[in-house]
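Q: Have a look at the structure that comes next, please.
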C-alpha cells in the first residue's frame, strides 16, 4: 500500500443545527445504486468515500492520536489470522465448498434481528445460521440454483429452525428467501446454474467478484451520505476472503487482489474499535445504542459508524506501514472481529443494531 503522509483530524462545521439527522429508515438497498463497473477500482472507491465521511462525520469520531498506542503492542508479533471453523462451515471438494460459501454469503446479514433469533447453544446469530446451513449440506447436499430461485420464507424458517410468528424473524426469513431467490435466478441466467462458473468468471479477482455479485440487489451495498455515494460491499468482499481461507488460496480461492480488500463493515467491528478507544460517538448516538434503539439503515449515523470503522482501520494499516510492518485491512478486520467474540468485549456496552440486508 502506498505510504501516505501523517493525517491530521479536521473538525467539520456543523451546519445543520440538528443533533440527529433525517433518515430513510429502511433496510431496502438504494433504488438508484448501480453495480461497480469492471473498469472502476472498487477498493479505491470504498476507501476514498469512507475517508470523506470520516473527515466530515458529526456522530462518530476517529481518535487518530490513539492509534499508535493501540498498534504498538501488535508490531512485534505477526497478526494471528483465524482459520475457517469447520464445525460450522463446509470445507470439502472445491465445488461443494464454493457452493456453501456463496450460498452462505447470500444470507450473511440480519444482525439487527439477531436478538430475536433462536440461537443454538453457545452460538452467536451468525454461527447459528452457518451451522444450520452446514447441516443441510451434510445431510442433503447443496441447495441447487433451481431450489434457491423458488425457496420460500417458510422453507427458510424450517432450515434455520426459526419461528415465523415473531414479526422480526418473519421479516428476516422473507429477506433470506428473497436473497436466495435473487442468487438462484442470477446463477441460472448468467452461469447455467453453476456456483463454480460464477466464481471462475471472476478470474481470480475479488474486485470482479464484487462487480458480478452486485447485479443482485442485496449485494449492492451502497449508501448515500450528503453529496457522496458510499460503497461498502461487505458481504461480497467477505466471500472472497472466506473462499481464500477455505481453499488455502488455491484454485477458486486464489484472488490476486486479496490484499486490497477493505474491512468488512458491520456492527461488530465498530463496537470493538469503540471499546478499544479508537472510535468515540456523539452523546445522542451513544444514548440510542445504549437504549437499543435501532439505528436506521442509510441514516447519517449508520453510514458514519461503518465508514469511520473502514477509515480507522486504514489509518491503523498506514501507521503500521510507517513503522515498517505490512498489514492489510483484511488482517486487522479478522483480528477485530474475532476479538469481538470474546465475552469481556461483549460485556462492555452494546453494539449498534440496524435492520440491514448488508450485515
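Q: Residue check: is residue 62 more than 28 Å from residue 157 (Cα to Cα), crowded, with 16+ Cβ neighbours inside 10 Å and touching a strand residue (DSSP E or B) at 6+ places or on another chain (Cβ under 8 Å)?
A: Details: more than 28 Å from residue 157 (Cα to Cα): yes; crowded, with 16+ Cβ neighbours inside 10 Å: yes; touching a strand residue (DSSP E or B) at 6+ places or on another chain (Cβ under 8 Å): yes.
The answer is yes for residue 62.
Q: If you don't mind, another one. Which one is farthest from residue 133 (Cα to Cα), of the residues in segment 78-120 that are free of Cβ contacts under 8 Å to residues at least 60 places away in the same chain, more than 18 Å from the chain's Cα centre (by Cα) and not in a loop (DSSP other than H, G, I, E, B)?
A: 116
Q: Let me ask you something else. With the requirement that a residue be out of contact with any helix residue (DSSP H, G or I) (no Cβ under 6 Å at 6 or more places or on another chain) and without any contact (Cβ under 8 Å) to a residue 12 or more places away in the chain, what does segment 171-200 give you? Can you show your working first?
A: We begin by selecting, within segment 171-200, every residue out of contact with any helix residue (DSSP H, G or I) (no Cβ under 6 Å at 6 or more places or on another chain); these are 171, 175, 178, 182, 186, 189-190, 192, 194, 200.
Passing the criteria: 189, 192.
Q: Filter segment 131-152 down to the residues that are part of a helix (DSSP H, G or I), touching a residue at least 12 places away in the same chain (Cβ under 8 Å) and either more than 14 Å from residue 85 (Cα to Cα) or touching a helix residue (DSSP H, G or I) at 6+ places or on another chain (Cβ under 6 Å) (or both) and list them by number.
A: Step one: of segment 131-152, the residues part of a helix (DSSP H, G or I) are 131-140, 145-150.
If we keep only those that are touching a residue at least 12 places away in the same chain (Cβ under 8 Å) as well, we get 131-134, 136-138, 145-150.
Those that are part of a helix (DSSP H, G or I), touching a residue at least 12 places away in the same chain (Cβ under 8 Å) and either more than 14 Å from residue 85 (Cα to Cα) or touching a helix residue (DSSP H, G or I) at 6+ places or on another chain (Cβ under 6 Å) (or both): 132, 133, 136, 137, 138, 145, 146, 147, 148, 149, 150.
Q: Looking at (1) more than 17 Å from residue 328 (Cβ to Cβ); (2) in contact with a helix residue (DSSP H, G or I) (Cβ under 8 Å, 6 or more places away or on another chain); (3) surrounded by fewer than 24 Cβ atoms within 10 Å (Cβ to Cβ), which is the one condition that is false for residue 286?
A: Residue 286 satisfies every listed condition except (2).
Q: Identify all residues within segment 249-282 that are farther than 27 Å from residue 239 by Cβ and free of Cβ contacts under 8 Å to residues at least 12 places away in the same chain; write none if there are none.
A: none
Q: Kindly list the number of the only condition in (1) closer than 30 Å to residue 141 by Cα; (2) modelled with pLDDT under 95 that fails for residue 88.
A: Evaluating residue 88 over (1) closer than 30 Å to residue 141 by Cα; (2) modelled with pLDDT under 95 leaves (2) as the failure.
Q: Determine which member of the set 239, 285, 305 is assigned to a helix (DSSP H, G or I) and more than 15 Å from the chain's Cα centre (by Cα).
A: On inspection, the qualifying residue turns out to be 285.
Q: Follow-up. Output the residue which, of all residues in segment 210-224 that are buried (at least 21 other Cβ atoms within 10 Å of the Cβ) and assigned to a strand (DSSP E or B), is nearest to the chain's Cα centre (by Cα).
A: Restricting to residues being buried (at least 21 other Cβ atoms within 10 Å of the Cβ) and assigned to a strand (DSSP E or B), the top hit is 222.
Q: May I pose another question? Being under 24 Å from residue 96 (Cβ atoms), touching a residue at least 40 places away in the same chain (Cβ under 8 Å) and surrounded by 22 or more Cβ atoms within 10 Å (Cβ to Cβ) is true for just one of 240, 206. Which residue is that?
A: Details: 240 fails: touching a residue at least 40 places away in the same chain (Cβ under 8 Å).
On inspection, the qualifying residue turns out to be 206.
Q: How many residues, within segment 54-77, are closer than 30 Å to residue 172 by Cα and either assigned to a strand (DSSP E or B) or without any contact (Cβ under 8 Å) to a residue 60 or more places away in the chain (or both)?
A: 1
The values are calculated or read from the model by the stated rules, or taken from the named source; none is laboratory data. Quick caveat: nothing in here was measured; it's all calculated off a predicted structure. We place every Cβ from the backbone using ideal geometry, glycine too, and count neighbours over all the protein chains shown.
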